[in-house]
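Structure first, then comments.
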């Protein structure tokens, strides 16, 4: 059940336009999400999915448009927005010279999270029991990704922005991550992600924004598709134009 505080979480993107290397990736992209929403950004390689997530996370500038968190422009209160956000990109985002345990200890320290006593349990839950004190350069790509996923167990950010989080993980890792996403949504969080993985999380509506279907020759109407029965009505999406 969502708390009264988590139920006010909201994310709004208004008329966002992205240009990279003089190439229009998308234009007029708009949507709004409420607490408990999961939005999958879909489309072929090169259509602007990662660029959009980086704009959302504050790592790239958009050509135009606005982003609002809980009704406030992220430009006006970037500090609060960054504190509310967890971004996981293509790279694992860990230090290879450190062990899984020390990586999570470091992440807790820089994010001021009082979770030190939960690190061992988090690593065990992602299947790294017995590997927690090995340097990460000795781990496989899948194991390194599991270190990143363990971070989600220590994280209390209400907004997750995840770029291909299912890459380099096995079936058990997929089930674990789907469980994390479901748990975050049910607690009132918002998740925006890209993935080629077919999301099938029982009891959870996953909304989809298909970027490659946006018509570059003229304005497009709203297009929102949802998976899983029992649409929750959490989000409203519309988008303008895009080119491949």
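Go through region 64-84 and report how many residues are in contact with a helix residue (DSSP H, G or I) (Cβ under 8 Å, 6 or more places away or on another chain) and under 18 Å from residue 156 (Cα atoms). It would help to see each step written out before you state the result.
We begin by selecting, within region 64-84, every residue in contact with a helix residue (DSSP H, G or I) (Cβ under 8 Å, 6 or more places away or on another chain); these are 67, 69-70, 72, 74.
Next, only the ones that are under 18 Å from residue 156 (Cα atoms) stay: 69-70.
Looking only at that region, the number is 2.
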Report summary line: Of all helices (runs of 4 or more DSSP H) fully inside region 90-173, the set with 1 or more residues that are under 19 Å from the mean Cα position of the chain (by Cα) is 100-110, 141-153
Query raised in the report: Has region 22-32 got any residue that is crowded, with 20+ Cβ neighbours inside 10 Å and within 15 Å of residue 193 (Cβ to Cβ)?
Result: yes
Query raised in the report: Yes or no: residue 236 at pLDDT below 55, within 19 Å of residue 14 (Cα to Cα) and not in a loop (DSSP other than H, G, I, E, B)?
Result: yes
Query - Hits in region 135-173 (condition: farther than 30 Å from residue 67 by Cα, surrounded by fewer than 18 Cβ atoms within 10 Å (Cβ to Cβ) and touching a residue at least 12 places away in the same chain (Cβ under 8 Å)) - result: 135, 137, 141, 142, 168, 170, 172
Query raised in the report: With (1) closer than 24 Å to residue 88 by Cβ; (2) modelled with pLDDT under 50 as the list, and residue 207 as the residue in question, which single condition is left unmet?
Result: (2)
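Checking the conditions here, which among 11, 53, 59, 39 is assigned to a loop (DSSP other than H, G, I, E, B) and touching a residue at least 12 places away in the same chain (Cβ under 8 Å)? Steps first, answer last, please.
Working: 11 fails: assigned to a loop (DSSP other than H, G, I, E, B); 53 fails: assigned to a loop (DSSP other than H, G, I, E, B); 39 fails: assigned to a loop (DSSP other than H, G, I, E, B).
Only one candidate qualifies: 59.
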Query raised in the report: Across region 174-216, what is the total count of residues that are in a helix (DSSP H, G or I), out of contact with any strand residue (DSSP E or B) (no Cβ under 6 Å at 6 or more places or on another chain) and within 21 Å of residue 28 (Cα to Cα)?
Result: 2
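The values are calculated or read from the model by the stated rules, or taken from the named source; none is laboratory data. Owing to the predicted nature of the structure, the values given are computational and were not obtained by experimental measurement. Neighbour counts run over all protein chains shown; Cβ positions are idealised from the backbone, glycine included.
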